[in-house]
Amino acid sequence: MADAAAIKDEIKKLNARATAKKMDLHDLSEELPLKWESILEVAQEAYDAHKALAEKRAELKALETA
């Protein structure tokens, strides 16, 4: 079982990545209709980053409540 401090460090990294992907998606939206072909790729990357962050937060919560 991972310790809470290690998970918190991972959460910080995942949060930074999720924020960057959110900004990529925002930047793409401002460039539309140019680069419309990359909508699915950029959106999937943002989704994956936020999903990983949510899962890691849930892991920390479960560890703290156990």
How far is helix 4-31 tilted off the main Cα axis of the chain, in degrees rounded to 10, range 0 to 90? 10 degrees
Working from Cα positions, state the angle (0 to 90°, nearest 10) between the long axis of helix 39-65 and the longest principal axis of the chain. 10 degrees
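Rule-based calculations on the coordinates, nothing more; no lab input. Values in this document were obtained by computation on a predicted structure and should not be read as measured data.
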